[in-house]
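Reviewing the structure listed below.
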Amino acid sequence: MNIYVDFDDCLCETARYFSKLLAEMFGKNVPYEEINYFNLQESFSLTDEDYDRMMTWAHKPEELLSIEETPGAVSTVNGWIDEGHDVSVITGRPLFAYEASRKWLDQHGLERVKLYCLDKYGRKNFIKDSSYSLQLEDYYKMSFDLAVEDSPLAFRFFEHLPELRVMVIDRPWNRADEFPSDKYHRVFSWEEIRSLAEEMSGPVLSDKVSWKKHLADGSTSSVKTEVIVEHFTEVSINGKPAFTLSCTPNHLKELVVGRLYTERLIGSVDDIAHLFICGEGNIAEVTLKENVEYKPFSGVEPTCCTGNRQYVDGVRELAPVSQVSVNPETVFELVNHFSEDGKLHKSTGGTHSCYIHFGDGEVASFEDIGRHNALDKAVGHMLLNNKEAEGCVLFTTGRVAADMVIKTVASGIPVLVSKAVPTTKALSLAKKYGLKLICKAWPDSYLDME
């Protein structure tokens, strides 16, 4: 896909920055939630002179570089690029802000993203024929499949693309606006954007099936339901069969990397020299930097309701995880995410989910027909995005048996939360390796091991 992403208040929290700057420069208090107009001069009730002063200050390179990332933006955009999508950041910032804007992207790990300044306002000093500048006639020659925006004023720039889907990040200044058509979708997080984008470009995850429904009174009726797709991926390591995955056919890269790590077949993602997944997702070939001789699998088959099969044993020993405390707000935040239900589970009722809470506040969710797979996808996402395991919390919708504890300990994540119950063996292993295990996590309570 070709993807358009706006810069301010999509990739970074520009309005929050200006709210703080307003207080520092003029002693005015306008909280972020009260910025009701895209025009900051109107929202802040500033004179022309004061508005110019504020904008001049804000566009200093050091100020632009200080604006914080919107949670989840960088990992989502990098994930798109890893999947082969083309991402362009198109901003209405003046051209003199280009270098600082480019540096902000680079410092936040978005070196591969293309950045363009779009001449939305017909500025006289706009530089034509620059590799990073766009006049409107240049922009209208471009084609996009997906756009991420926050400003209703920008919607007119999408009128020439009838098939485009626009993700409008919820902001105070766009809440009163009606969207031009059903191709516009209000979204509340980058996790939601990522999920919607997957629906556009990803594999088929469910199929409609016709049934005859029989009622107790003897009557019948015809109904259709969504049935989840079961997919098989054969994974080899350095040319030798390693395991077969029975899974939901999305996030296969995360699944394979996560499985390699939680089964202790690799010590870090850096051990992987190359990972190839065929277009149909049926074959995954892993090439490691070192040719490790793996032992034939001798363990107990996992307590999984899928057809997963493993042929090799891990080579990395389990080690205790870091001892951490958990903020109850984090637990209940994850419970609330679960309460909202995953899209695939909502339509089929056939998946487990795993949510991973990162130390920076980002929450990513993954669904699969197997709870082990969902956990592996979450761990793979953590590894591929260079997140520190010590700051993470996992939430699973499935019961916690010994193998789920072992996977979590192997990942280095110190906290596992479940809406369900543990086994006695799981409790014993959690204590042995210092894993904080929280169970029966519901909207009003949870159980924490003493």
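The values are calculated or read from the model by the stated rules, or taken from the named source; none is laboratory data. Computed from a predicted model, the values in this text were never measured in an experiment. Heads up, the Cβs are rebuilt from the backbone with ideal geometry, glycines too, and the neighbour counts pull from every protein chain shown. The area values use the complete protein model at the heavy-atom level, side chains included, leaving out ligands, DNA and RNA. Shrake-Rupley method; radii C 1.70, N 1.55, O 1.52, S 1.80 Å.
Need the C-alpha centroid separation for the stretch 212-286 versus the stretch 136-191, integer Å.
Value for the Cα centre distance between the two parts: 33 Å.
Whole-Hz ³J(HN,Hα) for each residue in the stretch 378-384, computed from phi via Karplus 6.51 cos²θ - 1.76 cosθ + 1.60 with θ = phi - 60°, x for glycine and proline: what do you get?
Each residue of the stretch 378-384 in turn: 5, 5, x, 4, 4, 5, 5 Hz.
So how tilted is helix 252-262 from the main axis of the chain? Cα-based, degrees 0 to 90, rounded to 10.
The angle comes out at about 50 degrees.
List the residues, sorted by chain then number, that are 5 or more residues from SER418 or on another chain and whose placed amide H is less than 5 Å from its amide H.
For SER418, whose amide H was placed from the backbone, the distant partners under 5 Å are THR396, ILE438, CYS439, LYS440, ALA441.
Between PHE26, PHE158, PHE338, find the one with the highest GNM mean-square fluctuation for the chain; connect C-alpha pairs within less than 10 Å.
Checking each option, the largest mean-square fluctuation is seen for PHE26.
Subtracting the Cα-Cα distance from 0.36 nm times the residue separation, let me have the gained length for THR244 to PHE232 in nm, one decimal.
Values: separation 12, 0.36 × 12 = 4.32 nm, distance 0.68 nm.
Gain on stretching THR244 to PHE232: 3.6 nm.
Can you put ASP444, ASP270, ASP82 in order of accessible area, largest first, using a 1.4 Å probe? Present the calculation step by step, with values, prior to reporting the outcome.
Details: ASP444 125, ASP270 100, ASP82 80 Å².
From most accessible down to least: ASP444, ASP270, ASP82.
For the chain, with all protein chains present and a 1.4 Å probe, just round the carbon and sulfur fraction of the accessible area to a whole percent. Could the numbers behind the result be given before it?
Values: 10800 of 21690 Å².
In the chain, the share of accessible area belonging to carbon and sulfur is 50 percent.
Assuming a ≥ b ≥ c are the square roots of the Cα gyration tensor eigenvalues, decide whether the stretch 1-50 counts as rounded (a/c under 1.5), prolate (otherwise, with a/b larger than b/c) or oblate. Mind dumping the intermediate values first?
Working: a/c = 2.62, a/b = 2.17, b/c = 1.21.
Prolate, since a/c reaches 1.5 and a/b exceeds b/c.
LEU115's amide H: which non-local residues (gap 5+, or another chain) put their own amide H closer than 5 Å, with H modeled 1.01 Å from N in plane and none for Pro or chain starts?
Long-range HN contacts for LEU115: VAL89.
Would you check the accessible area of ASP50, probe 1.4 Å, heavy atoms only, in square angstrom rounded to 10?
That residue has around 40 Å² of solvent-accessible surface.
Measure nothing fancy, just the Cα-based angle from helix 14-26's long axis to the longest principal axis of the chain, in degrees from 0 to 90, nearest 10.
Long axis of 14-26 versus the principal axis of the chain: about 50 degrees.
Does the stretch 304-450 come out rounded, prolate or oblate, given a ≥ b ≥ c as the square roots of the eigenvalues of its C-alpha gyration tensor, rounded meaning a/c under 1.5 and, failing that, prolate meaning a/b above b/c? Intermediate values should be presented prior to the final figure.
Details: a/c = 1.28, a/b = 1.07, b/c = 1.20.
Taking the square roots of the gyration eigenvalues as a ≥ b ≥ c, the stretch 304-450 is rounded.
By how many degrees, between 0 and 90 and to the nearest 10, does the Cα long axis of helix 328-340 differ from the longest principal axis of the chain?
Tilt of helix 328-340: around 90 degrees.
Too long at a 32 Å Cα-Cα cut-off: which of LYS343/LYS387; LYS213/LYS377; LYS212/LYS253; LYS183/LYS440; LYS346/LYS407? Intermediate results must be reported in sequence, preceding the final value.
Values: LYS343/LYS387 25 Å; LYS213/LYS377 35 Å; LYS212/LYS253 38 Å; LYS183/LYS440 39 Å; LYS346/LYS407 27 Å.
Pairs exceeding 32 Å: LYS213/LYS377; LYS212/LYS253; LYS183/LYS440.
With r defined as the distance between the Cβ atoms of GLN323 and GLU68 and R0 fixed at 22 Å, what FRET efficiency is calculated, to the nearest 0.05? Please list the in-between numbers first.
On the way: r = 29 Å, r/R0 = 1.34.
Efficiency at R0 = 22 Å is approximately 0.15.
Given the Cα atoms of the stretch 386-450, and with Rh set as the inverse mean 1/r over their pairs in the Kirkwood sense, what is Rg to Rh to two decimals?
On the way: Rg = 11.0 Å, Rh = 11.7 Å.
When Rh is taken as the Kirkwood radius, the ratio is 0.94.
Along the three principal axes, how long is the chain when you take its alpha carbons, biggest first, rounded to the nearest angstrom?
Principal extents (largest minus smallest coordinate, Cα): 73, 58, 49 Å.
Solvent-accessible area per residue for the chain at a 1.4 Å probe radius, Å²? Intermediate values should be presented prior to the final figure.
Details: 21690 Å² over 450 residues.
Spelled out: the 1.4 Å probe surface of the chain, per residue, equals 48 Å².
Gaussian network model of the chain, Cα springs within a sub-10 Å range: biggest mean-square fluctuation belongs to which of THR244, THR220, THR330?
It is THR220.
Considering every pair of different Cα atoms, what Kirkwood radius, in Å, is found for the stretch 191-280?
On the way: mean 1/r = 0.0612 Å⁻¹.
About 16.3 Å, per the Kirkwood formula over Cα pairs.
At 0.36 nm per residue, and after removing the present C-alpha to C-alpha distance, how many nm does the segment from SER210 to MET25 gain when stretched out fully? Don't skip to the answer; put the middle values down first.
Values: separation 185, 0.36 × 185 = 66.60 nm, distance 6.48 nm.
So the extension gain works out to 60.1 nm.
Just tell me which lysines come within less than 23 Å, Cα to Cα, of LYS114; anything on the same chain fewer than 8 places away is out.
Output for LYS114: LYS60, LYS103, LYS128, LYS141.
Against the 2.2 N^0.38 Å scaling, with N counting residues, where does the stretch 146-242 land? I'd like the Cα-based Rg ratio to two decimal places. Please list the in-between numbers first.
On the way: Rg = 21.2 Å, N = 97, 2.2 N^0.38 = 12.5 Å.
So the Cα radius of gyration is 1.70 times the expected 2.2 N^0.38 Å.
Based on alpha-carbon positions alone, could you give the equivalent ellipsoid semi-axes of the stretch 1-99 from the gyration tensor, as √(5λ), descending, whole Å? Provide the component values of the computation, followed by the final result.
On the way: eigenvalues 165, 40, 28 Å².
Result for the stretch 1-99: semi-axes of 29, 14, 12 Å.
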